[in-house]
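So the structure is just underneath, and the comments pick up after that.
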Ligand code: ASP
């Protein structure tokens, strides 16, 4: 039995967190493979090591000395080493890195990858685990995709019965250069390791007790979601909640490995379990899994008498958006009208050409743009084929005096999407949370 664990930046921030990680690993011997992030913030005012490394690279790019910034990085790791009494000559490695930086022989990706590299070296030495560098198993193809077959085989060949620590976030290009994933990419490394080793579970340890039912900046102390499917997670992340790097889903999902979000600071909390499907439901009376949303959408609405009887009108409208390379979020429609919902930011630069082209090609009776619209999504697999859920949802919003501008639900009933004015956004989420979660 083998569990792959990934510890994020806040779990690696200082010696106190290293001790918690060790206790978590010692409490379950099947937690044998550990993927780590660079050290994160110790408090709100602190800096993430990865941010400092990007900053350091920007200095060198403009010929500004970055000794001070690099020292902020090295001193964080040296302090952890000294407090934990780890025997590792970091000074020598940082000096060598500085020399290569001065000689301009370090790429940005290589420099920023050092955060995870030093985290993994330290953690491996602290635990007495084997250190496996990510360059020795995470292999990219020339077009920058992970070569899963080669990467999986390489990791499998190196992992034996002993515990291992490997850095997240980066791997090796065919030309021998280091390449990093996008920010937050250690999640992907963990997922790849779990898939490579056919792990029983991929545990992603962070600083919250799982995915929350609603944004804690809007709802006070929202409940964590015990179980969520991949499809629900996609809906929840798309409209707001950001928990995992999107790229972390595919490797484990492909192999049907459950993904468990856990809290390093509350290790006994079961967190959130993410799976393809659940055979039974932990809480059969909870119809809504989560409530999420985003502000600042624009809605382009047009009506044309007799539109429902004409062939090709919708295609013409959508083609205009396609020509301007705008991805459309929702298209609620009536008999003789249709609306196209897109983030305001995405459409701002091409709004007037789009309107002009629609005018010319479709000749609508009316064409208007509504701005400052927020989208709120109630997501839940248990809503399907259960009468009364949307009634309750609309009733709650109506009672709170919130006007609904858009309604959208697909027949799979995984979510109910509503559009409200931006100014009603937070209250809509609050009202829905209160009527469904408690
Ligand atoms: N350290 C990287 C970042 O801050 C990658 C990660 O932590 O997942 O984005």
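Read-outs: derived from the displayed coordinates by stated rules, not from any lab. Not measured: the values here are computed from a predicted model.
The table below gives the values:
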{"quantity": "Residue with peak Gaussian network fluctuation, the chain [Cα springs, cutoff 10 Å], from 365, 221, 51", "calculated": "365"}
{"quantity": "Choice from 194, 79, 134 with maximal GNM fluctuation in the chain (Cα, 10 Å cutoff)", "calculated": "79"}
{"quantity": "Inter-part distance where segment 76-138 and segment 321-379 are each reduced to a Cα centre, Å", "calculated": "50"}
{"quantity": "Cα centroid of segment 143-179 to Cα centroid of segment 20-51, whole Å", "calculated": "20"}
{"quantity": "Helix 15-26 vs. the chain, principal-axis angle (Cα, 0 to 90°, nearest 10)", "calculated": "90"}
{"quantity": "Degrees separating the helix 313-323 axis from the principal Cα axis of the chain, which is the longest one", "calculated": "30"}
{"quantity": "For segment 420-438 and segment 219-267, distance of Cα centres in Å", "calculated": "22"}
{"quantity": "Theoretical ellipticity at 222 nm over the chain - DSSP helices of four or more residues, -39500 (n - 2.57) apiece, nearest 500", "calculated": "-11500 deg cm²/dmol"}
{"quantity": "Mean Cα-pair separation over length for segment 307-438, i.e. relative contact order, pairs under 8 Å, 6 or more apart, %", "calculated": "21"}
{"quantity": "Helix 90-102 vs. the chain, principal-axis angle (Cα, 0 to 90°, nearest 10)", "calculated": "60"}
{"quantity": "DSSP-defined beta bridges in the chain - what % are antiparallel, rounded to 5", "calculated": "60"}
{"quantity": "Values of log10 I(q)/I(0), in the order q = 0.07, 0.08, 0.11 Å⁻¹, for the chain under a Debye, Cα-only, solvent-free model", "calculated": "-0.44, -0.56, -0.96"}
{"quantity": "Relative contact order (%) - criterion: Cα under 8 Å, at least six apart; region: the chain", "calculated": "13"}
{"quantity": "Percent RCO, i.e. relative contact order, over segment 1-113, from Cα pairs under 8 Å lying at least 6 residues apart", "calculated": "24"}
{"quantity": "Gaussian network model of the chain, Cα within-10 Å springs - most flexible of 411, 258, 174", "calculated": "411"}
